[in-house]
Amino acid sequence: MIVSYCFSSPQGDVPVDDITLDRPFILSPFENHPFMTLGDYFDAVRGFILLDNGRHLVHLLTHLWDKKLAVADIEKITIRYEKYGTLYQIVSAEVFSQGRQEKYSVSTAISGEAKEILNKEFDLIQHLYYQKGLPYLPRTYYRQMINLLREEMSETILMTMSQWFENYHEWHFSRDDNNAEHIMIWDMEGGYRFASDYETHEIIRQASRILTLYYSLDTYCRIHPWHHGAGDFVVKTGDGIVDVKLVTVRGYEPIELASGEERADPLKVLMLFLFDMTIKMRLDKLEGVGEPYWAEASVLKAVLEGFLDALRAMELKGDCPGLKIDVFTDILKLVNEDEMRTLFSSCIDQYRTHDPSDYTVIQKHIHDHAVDVRNIFQNYLK
């Protein structure tokens, strides 16, 4: 079996030489790991993939390919460092065997906070897969704590293996040389490119639809928090097709009711869910890590379309007992700007402590945003 290490880049794989492998593993832009090298990290990922003499991997391939395999049948594994995140790192593992190949995602967490979040994410994705049965989140396979020892020092890394969405790419709002707003698709194979107007509309519509499909009308639970700046949604395009997936679930809790409110009106909570989504769909970060970015109002029509598409799909499945979508849209049309501002004010309080930079941007735009949303309701809901 050949196991190779490399970095992913828009220009293709970048092989890792021995000098690079001997460099300290970078924990943050200004902090190296006390003893772990990049080579130690890649070796730890290899150990995780081939855990228990490859038993987990072979079992997984046998199940996916419906074909009995042994470790000796695996000819090659390419371990590719894909993305450095603020909490954990993403690696892909491409496995080759008997003329076939399969690619997996390996997430690795080192800090205590990152391990806690990754553990929670693994459980939530697994829970939502079995509860909802929807195809928008990656399948989770297995996880393990990997131990590293060197003299008196030790480190533990939590690693999880899950489905890799092949040819799906991160994207962010950007502006061209004429200052016109577009979505930039970070295609690591074909090169970065601006999405067409149709693709932009579909990306936002499908992302909104996905979040709504996972919303619980019974418990008011929703996927939250999420952020375009973190690359939570990815997109695959080609031959006129746009397909969006969601790669992470950091939380799935009920929408908080107003102070002193024990029981809420389901329609009001659903309205809060929609209003919060209209805010979040306009928020991004420049280049994914830079200053907060506020997208133009043109995205709001796609948000509303995706939201209503999901509600209608839920209604057809019988998942909306007691909810009449036409009645709900009539209520939305009647909400005036003052009522909207009040509802939006209750939405944005959560950002004050969780993400102050986003809160500042939202505060700056919230008055105009209420007008924008009101206009969309008036023009689209007829």
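How many of the residues in segment 301-330 are of a type in the set (A, V, I, L, M, F, W, C) and open to solvent by 60 Å² or more (accessible area, probe 1.4 Å)?
Step one: filter segment 301-330 for residues of a type in the set (A, V, I, L, M, F, W, C), giving 302-304, 307-308, 310-311, 313-314, 316, 320, 323, 325, 327-328.
When the remaining residues are screened for being open to solvent by 60 Å² or more (accessible area, probe 1.4 Å), the result is 316, 327.
Qualifying residue count, segment 301-330: 2.
May I ask you to say which residue of Y192, Y214 is among the hydroxyl-bearing types (S, T, Y), in contact with a strand residue (DSSP E or B) (Cβ under 7 Å, 6 or more places away or on another chain), touching a residue at least 60 places away in the same chain (Cβ under 8 Å) and open to solvent by less than 20 Å² (accessible area, probe 1.4 Å)?
Values: Y192 fails: open to solvent by less than 20 Å² (accessible area, probe 1.4 Å).
Matching residue, one of Y192, Y214: Y214.
Hey, can you tell me all the residues within segment 263-322 that are over 15 Å from D358 (Cα atoms), of a type outside the set (K, R) and outside any helix (DSSP H, G or I)?
Looking only at segment 263-322, we keep the residues that are over 15 Å from D358 (Cα atoms), and these are 263-275, 287, 296-322.
Next cut, of a type outside the set (K, R) only: 264-267, 269-275, 287, 296-300, 302-311, 313-316, 318-322.
Once the filter is applied, which keeps residues that are over 15 Å from D358 (Cα atoms), of a type outside the set (K, R) and outside any helix (DSSP H, G or I), segment 263-322 yields A264, D265, E296, G318, D319, C320, P321, G322.
So, restricting to strands (runs of 3 or more DSSP E) that lie completely within segment 31-138, which ones have at least 2 residues that are in contact with a Pro (Cβ under 8 Å, 6 or more places away or on another chain)? Break it down into steps so the answer makes sense when it comes.
Details: elements: 31-37, 76-84, 88-97, 100-109.
Where strands (runs of 3 or more DSSP E) fall fully within segment 31-138 and carry at least 2 residues being in contact with a Pro (Cβ under 8 Å, 6 or more places away or on another chain), they are 31-37.
Quick grid of which residues meet (1) modelled with pLDDT of 95 or more; (2) not charged (D, E, K, R):
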{"position": "H224", "(1), (2)": "no, yes"}
{"position": "F233", "(1), (2)": "yes, yes"}
{"position": "V244", "(1), (2)": "yes, yes"}
{"position": "T248", "(1), (2)": "no, yes"}
{"position": "P254", "(1), (2)": "no, yes"}
{"position": "L267", "(1), (2)": "no, yes"}
{"position": "M271", "(1), (2)": "no, yes"}
{"position": "L286", "(1), (2)": "no, yes"}
{"position": "E296", "(1), (2)": "yes, no"}
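For every residue, the table says whether it meets (1) without any contact (Cβ under 8 Å) to a residue 40 or more places away in the chain; (2) within 16 Å of the chain's Cα centre (by Cα); (3) open to solvent by 50 Å² or more (accessible area, probe 1.4 Å).
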residue: A114; (1), (2), (3): no, yes, no
residue: Y130; (1), (2), (3): yes, no, yes
residue: G133; (1), (2), (3): yes, no, yes
residue: R143; (1), (2), (3): yes, no, yes
residue: E155; (1), (2), (3): no, no, no
residue: N167; (1), (2), (3): no, yes, yes
residue: W171; (1), (2), (3): no, yes, no
residue: N179; (1), (2), (3): yes, no, yes
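Only one of (1) open to solvent by less than 40 Å² (accessible area, probe 1.4 Å); (2) over 18 Å from the mean Cα position of the chain (by Cα); (3) of a type outside the set (D, E) is not met by V234, so which one is it?
Status for V234: all satisfied but (2).
Within segment 191-215, work out how many residues are under 19 Å from K245 (Cα atoms) and in a loop (DSSP other than H, G, I, E, B).
5
Is one or more of the residues making up segment 90-112 within 19 Å of M145 (Cα to Cα), surrounded by fewer than 17 Cβ atoms within 10 Å (Cβ to Cβ) and touching a Leu at 6+ places or on another chain (Cβ under 8 Å)? Before the answer, list the steps.
Filtering segment 90-112 for residues within 19 Å of M145 (Cα to Cα) gives 90-93, 104-112.
After this cut, where a residue has to be surrounded by fewer than 17 Cβ atoms within 10 Å (Cβ to Cβ) as well, the list is 111-112.
Remaining after also requiring touching a Leu at 6+ places or on another chain (Cβ under 8 Å): 111.
The answer is yes, given that some residue of segment 90-112 is within 19 Å of M145 (Cα to Cα), surrounded by fewer than 17 Cβ atoms within 10 Å (Cβ to Cβ) and touching a Leu at 6+ places or on another chain (Cβ under 8 Å).
Can you name the number of the only condition in (1) modelled with pLDDT under 90; (2) open to solvent by 20 Å² or more (accessible area, probe 1.4 Å) that V3 fails?
(1)
Could you tell me whether any residue of segment 94-104 is within 30 Å of H227 (Cβ to Cβ) and without any contact (Cβ under 8 Å) to a residue 40 or more places away in the chain?
Checked segment 94-104: at least one residue is within 30 Å of H227 (Cβ to Cβ) and without any contact (Cβ under 8 Å) to a residue 40 or more places away in the chain.
The values are calculated or read from the model by the stated rules, or taken from the named source; none is laboratory data. On a predicted model such as this, the values are computed, not experimentally measured, just so you know. Every residue, glycine as well, gets a Cβ built from its backbone with ideal geometry; the counts of neighbours run over all protein chains shown. Areas reflect the complete protein model, heavy atoms only, side chains present, ligands, DNA and RNA absent. Shrake-Rupley method; radii C 1.70, N 1.55, O 1.52, S 1.80 Å.
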